[in-house]
Amino acid sequence: MSQSPALAAERHPTAPARRGNANKRRQNRAAYLFILPFFLVFLTMLVIPLMYAGYLSLFESKLIGGEQFAWFANYIRAIQDSAFIGSLLRMGLFFIVQVPIMLGLALLFALALDSGRARGAKGVRLLVFMPYAVPAVVATLMWGYLYGPDFGPLAQVARAVGWGTPDFLSAGNILGSMMNIVTWEFVGYNMIIMYAALRAIPSDLYEAAEIDGAGQFRIAWSIKIPAIRPAIILTVIFSIIGTFQLFAEPSLLNAIAPDAITRSFTPNYYAYNLAFQNRELNYAASIAFLLGIVIAVLSYAFQLATERRERRALTETETPS
Amino acid sequence: MKKARKTALALVTGAATVGLVLTGCAPSGGGDGGTTSDAITDEQREEALNTPTDLTFWTWVPDIENEVALFEEQYPAINVTVENVGQGLEHYQKLRSALEAGEGAPDVAQVEYQYIPSFVLTESLLDLTPYGADGIADDYVGWAWNQVSPNEEVWAVPQDVGPMGNLYREDILSEAGIAEAPETWDDYAAAAKAVKDETGSYISNLGATQAGQMIGFMWQAGVQPFTYDGAETVGIDVNNDTAKEVANYWTELIQQDLISVDTDFSDQWYQGLANGKYAGWLTAAWGPIFLQGTAESTSGLWRAAPLPQWSAGEQVSGNWGGSSDAVLATSENPIAAYELAKFINHDEESAMKLATEQFLYPPQLSVLENPDFIDQESEFYGGQQVNKLFADISETVDTDFQWVPFMEYVYSTYEETIGSVVAEKGDIAAALDEWQDQLVSYAEGQGFTVE
Amino acid sequence: MTSLETRAAVTVGAPKRARRAKAFDPEKRRSSLLTVLLWLGVAYFILPLWWLLVSSTKDNQALFTTFGLWFGGDFSFFENLQTLFTVRGGIFTRWLLNTVLYAGAAAVGATLLSAMAGYAFAKYDFPGRKALFSATLGAIMIPLTALALPTYLLFSQAGLTNTPWAIIIPSLVSPFGVYLMRVYSADAIPDELIEAARVDGAGEFRIFWQVGLRLLGPALVTVFLFALVGTWNNYFLPLIMLNSSDLYPITVGLAQLQAAANAGGGSQALFSTVITGSFISIVPLIIAFLFLQRYWQSGLATGSVKG
C-alpha cells in the first residue's frame, strides 16, 4: 500500500518541536483518542464483518442436516460455479466497455468546462452532476419507463422516425441498457473530481504553452491530462469498486425484465439471491468474500500497473498547491 | 473477540429461554411447534382473549385493517398491529430473517400455499390443531383445506384461492367468428389462429416468467410435479410426459406467434389488456376484479369461462395463487394469534368483506353459498355471474396438489430455465429437463431424499 | 468541434502567434460550437429528470396514453401528491423522515469521525501512524456493499437488525473521508497556529474544536454531503437490515410501492404515485447540492489533486 500513488503524494506533517517526552506523550495520547472512534467503527464494520464472512464461508449449511465445518468446499464450489464466474465475466465486460465511456465523457466535459470556452459552463457543471444525487433505485425506475417498448418515449420517438421499436429490455440488450443507466448516474460525479483537479493546475503551466501557440487539444493532451492523472486513477479505482458491486440496478430491472436479468446477473445480486432465495447463507458469504478479494486485487493491480508511469508523471508535473 | 461474543450471545439466549419458561406465557408450549400439545380449553381461550395483548400481523392485503377492526371490536382487549413489509418474495425474506434473528417476527403472517412447506420445514409454524383448527375444516373447499393441512397438522387458515378460468373479449372473439369460449385446448389453438388472422390480437398472453400460471396449467392437466412428506423426502417430477405435453402445446402456439410472451403485471402488459392487444387472459379467480380495475375502458366486452379442457366433456381446473394466514411458532400469544387468523378468514362478516371489498376469491363455503356473493351480476362481464362461475370451477380443482419446501428456488430457477426459453420462443419441453436437473441437484445438495 | 480542431491543426508546430493578448484571457474566446455540443450532452443528463417531472403531473391513464416527454392529460400533480402522502396511512412521510434521520445522523457522524482521524493523521506524528493510515487507504478498496451481507449476519447475531442503528453505524465508516480530511488538514491548518495555541495553554481537543474544525470548512461540507448522498441513496443495506416498513427509508419504500404496482393481486395500480414519490425524494438532495456547491467543489478539489 505504501507505494500507492495516494501515499506517494502525501506530505509528512511537520515534526513537532522536540519539547520533552511528557509533551510528546500527551500529544500521542490525544492523537490516539482522535483516531479511536474512527478505528472502532472501522474495526467493527469493516474488519470484523470481513473476518466473519471468511469464518462463515468455511461452513456448509443444508436445509436438512444443518451446519458443518467444510474447509474450503464453498470456495471450490464457487470457482466451478458457472453462475458466479459468469457474473464476474459479465462485470468484467461491463467494466471494459462502460468505464472508458463514462470516464471518457467525464474527462471531455471536465476539459471543456475547464477550457472556459463554453457559455453557461456553471449550469452545465451542475446539470451534468445532478444525476449523482438521484438514488440508483429512482434512476433505474426512470430508465425502466424510458426503455418501455410500448409506452417508453424512446421507443415512441424511434417509431416516429421510422426506426422500428428498439428492445432495450431483451436478454441481448439489457447489459447495454444497464451500462447506460450507470453512465448516466456517474459521469457527473467523475467529471467533478476531474474538473476540480483541473482547476488546481496552476494556470501559468499552460498559459506559457498557449503563448507558444499550442492548441487546446495539445494543451489538454500533453499538459492537463498528465497533470490530473492521480484524479483519473482515483476515478478508475472507484469505478472498479462500483462496477463489481452493482445491486440496485439489476434488482429493480428484474421486475420489468425478469427473463433478461438472471439471478446471477451481477455477483452481488447473486450473493443476495443465494442468501435469501436459496437460503444458502454460508455459500453466499463465501461469494461475498471472494468478491471482496477480486475487487481489492483488481484495484491494487491497476495501481501497480499505473504506478511507474504515474510516478514519472507526478515528478514531471509536481507543483506546490 | 468472537468467542466472547458467542458466549455473551449464549448467555442472552439462555436467559431469554429461562424467562419464557418461568413466566409460562405459552400454555401449550407454543415454542416447539406444538405438535404434541393438548387441546386448548375454552377457559384458556376466554382468558387469553380477555387479557390485554398486542399482536403483530404481517400481510400485504390492502386495507385488511377493516377486517382487523372487526376482530378488535369483538375482542377489545387485543390490539393488532398490521404491517406490510413487502409483497411475495420480499415478505418471506423478511419473515425468515426475523425468524433467524430470533426476534421481530410477527404473531400471524400471510403465507401463500406454496410456501407453507418451507416454513414447516424450519418448524416456524404453529400446528393449529390443538387450538381447534380441525373443527373448521369442513367450512372450506376441500382442496384449499388440503393445502393448509396435507397431513394431520393444520398449518394455517385459508384466506383466498385462485381456481383458474378463462377471461376473454367477447367482441374480439366474435369478430373472428368464435361465438362460444373454446371448450378444449384444441379448440383454443384453432381460435388463437382465427383471432390472430382476423383481428391481429393475441388470444392471450403467457407471462414468460410466470411460474404460477404454468404450474396452474400443469395442475389442471393432472401433473403432480412436487411432493413433500413433511420431513426429509421430496418428489420432483416437472418433466414427465404429461408436463411435456402441456409444454409442447404452448411451445407450438408461441412459435406460431399466436400467443404473446410479454412479462405480465408490467405496465405495458396492463395496457395490452386495455387496448385489445390480448383478447383474453387465462387467469385465476382473483383475475376478474383485477382486470376490471385495469381495463376499465373495455367494460362490458369481457366474458368469463372455464379453462379449455384436455378432453372434451371433462371439467377440471388448476389453481394459481391464493394465500393463508399462519401463526408463527415464536408467537408468545398463540391462542389470541390463532383466533385472529381464524376470525379474519372464518367470521362471516369478515370473510364476506374480504371477498367483496378486497376481492380476494373466497375458499369459505359460507361466502361461496351466500347469494349476495354468487348471484352478483357483473356489468364488466356483460351481466354474467362471474363469482358463481368460479365457485363451480373451484369444485373441479384437483385436491392433492403439493409443493416442495423450497419454492423460492423453484420459482427463481423457473425464471432462468423456462422463462428465458419462453421469451425467446424456444422449446419449453426441453427446458423442463434442465429445470428438473437443477431442482434435483439443489434438493440433493440440501440433504433431501429425492424420489 | 471543427473550430477547435482546425485551431489545433494550425497551431501544432506553428511559429509563435501574434495573438498573445487574447491568449491570456480565454474567457473572451467563447466557442459557440463547443457550447452547443456541451448543452446537447446536458440534454442527455436532463432527459430522464425532465421525464420524471412531466410524469409526476400525470395520472395513471395519461402516463400510458400521452407522449412521455411532454405534458398531457389532466394536471394531476396535486392529486398524486395527495395519494402519495395518504397511501397506507401516510407512510411516505414516515419514510422521508427516516431517510432524513439516517442520512443526517450518518453524515454528521462520518464527518466528525473522519475530521478527527484525518486531523490526527496530518498533525501528529505518533507511533503506528503510517501503518494505520495505510490500512485506511487500503480500506477505500473494500467493497462496502459486498460487506453488507456479512454485516447483516453479524448484526442479526447481535440482535441489531431492524433498528436504525443497523443503517447508521455501518454508514459511519468513510475511509475516503479520512483521507480527504488528512490532505485538507495538512494544507489548511498551519502548524504555527497549533503551536501558538499550545503555548497559550490550550488542550489538544480545544485546539481541534476551536482552531482545526473552523479551518476545515469546505472539507467538512464535502465529506458531509457525500456521506449524506451515500446513505440517502443506499438501497442494499436497508433492504436486508430492516424488517419493519415503519423503519424503511425512501429507497426501499419506493421499491416496495413499485413492486406492489407491478405485482397486481391487490389491484393497486400505483404507478403515478411511485413516480411522484421518486420526484419528491430527489428534491432535497438536489437543493442541498445547489446551495452548498461553493464549499463541496473546493473541498473536492483538494482531495482529487492529491488523490
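All of the numbers you see were taken from the coordinates with simple rules; none came from a lab. Because the structure is predicted, anything quoted here is derived from the model rather than measured. Glycine gets a Cβ as well: all are built from the backbone with ideal geometry, and neighbour counts include every protein chain shown.
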Requested in this report: Return the sequence-ordered ³J(HN,Hα) values of segment A:50-65 in whole Hz as given by the Karplus equation 6.51 cos²θ - 1.76 cosθ + 1.60 applied to θ = phi - 60°, using x for Gly and Pro.
Outcome: 4, 5, 5, 4, x, 5, 4, 5, 8, 10, 10, 10, 10, 4, 10, x
Requested in this report: Please build a GNM for chain A, connecting alpha carbons under 10 Å apart, and tell me which residue among A:Asn268, A:Asn23, A:Asn254 fluctuates the most.
Outcome: A:Asn23
Query raised in the report: Given A:Leu253, A:Phe265, A:Leu108, which one lies farthest toward the positive end of the charge dipole of segment A:78-317, if we put +1 on the Cβ of every Lys and Arg and -1 on the Cβ of every Asp and Glu?
Result: A:Leu108
Requested in this report: Could you work out, residue by residue across A:103-113, how many beta carbons of other chains sit within 10 Å of that residue's beta carbon, and then give the average as an integer?
Outcome: 2
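Using a simple charge model, +1 on the beta-carbon of Lys and Arg, -1 on the beta-carbon of Asp and Glu, nothing else, what dipole does the protein assembly as shown show about its Cα centre, in debye to the nearest 20?
Magnitude of the dipole: close to 10520 debye.
Of B:Ile116, A:Ile96, A:Ile219, how do they rank once you tally other Cβ atoms within 10 Å and put the fewest first?
A:Ile96, A:Ile219, B:Ile116
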**Report entry** Relative contact order of segment C:77-306, defined on C-alpha pairs under 8 angstrom at six or more residues apart (%)
**Finding:** 33 percent
Requested in this report: Set the Förster distance to 25 Å, then compute FRET efficiency between B:Glu332 and A:Glu67 from the Cβ-Cβ distance, nearest 0.05.
Outcome: 0.40
Report task. Could you line up B:Glu72, B:Glu444 from fewest to most neighbouring Cβ atoms inside 10 Å? Result -> B:Glu444, B:Glu72
Query - Total formal charge among the other residues, if their Cβ is under 11 angstrom from that of B:Ile254, Lys/Arg +1 and Asp/Glu -1 - result: -3
Report summary line: Ranking A:Ser170, A:Ala214, B:Met218 by how far each Cα lies towards the positive end of the charge dipole of the protein assembly as shown (+1 on Lys and Arg Cβ, -1 on Asp and Glu Cβ), the top one is A:Ala214
Report task. Could you tally the net charge around B:Pro308, taking each other residue with its Cβ under 9 Å from the Cβ of B:Pro308, Lys/Arg +1 and Asp/Glu -1? Result -> -3
Report summary line: Given a Förster distance of 56 Å, the FRET efficiency implied by the Cβ-Cβ spacing of B:Leu365 and C:Arg214, rounded to the nearest 0.05, works out to 0.15
Query raised in the report: Within 10 Å of each Cβ of C:281-294, how many other protein chain Cβ atoms are there on average?
Result: 3
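What number comes out for the charge environment of A:Ser264, summing +1 per Lys or Arg and -1 per Asp or Glu over other residues with Cβ under 9 Å away? Could the numbers behind the result be given before it?
Numbers: positive: A:Arg90, A:Arg263; negative: A:Asp81, B:Glu416.
Every neighbour counted, the sum reads 0.
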Requested in this report: Calculate the mean, over all residues of peptide C:36-42, of how many other protein chain Cβ atoms lie within 10 angstrom of the residue's Cβ.
Outcome: 6
Report task. Would you please give the FRET efficiency between A:Arg119 and C:Ile286, computed as 1/(1 + (r/R0)^6) with r the Cβ-Cβ distance and R0 = 25 Å, to the nearest 0.05? Result -> 0.65
Query - Radius ratio Rg over Rh of the protein assembly as shown, counting only Cα atoms, Kirkwood formula for Rh - result: 1.00
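Just order A:55-64, A:176-185, C:198-207 by mean Cβ neighbour count inside 10 Å, highest at the front, would you?
Most protected by this proxy first, the peptides run A:176-185, A:55-64, C:198-207.
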Query raised in the report: Residues with amide H under 5 Å of B:Trp302's amide H, sequence separation 5 or more or different chain, H placed in the peptide plane at 1.01 Å from N; which?
Result: B:Glu170, B:Gly382
Query raised in the report: Order of B:Trp310, C:Trp232 from fewest to most other C-beta atoms within 10 Å?
Result: B:Trp310, C:Trp232
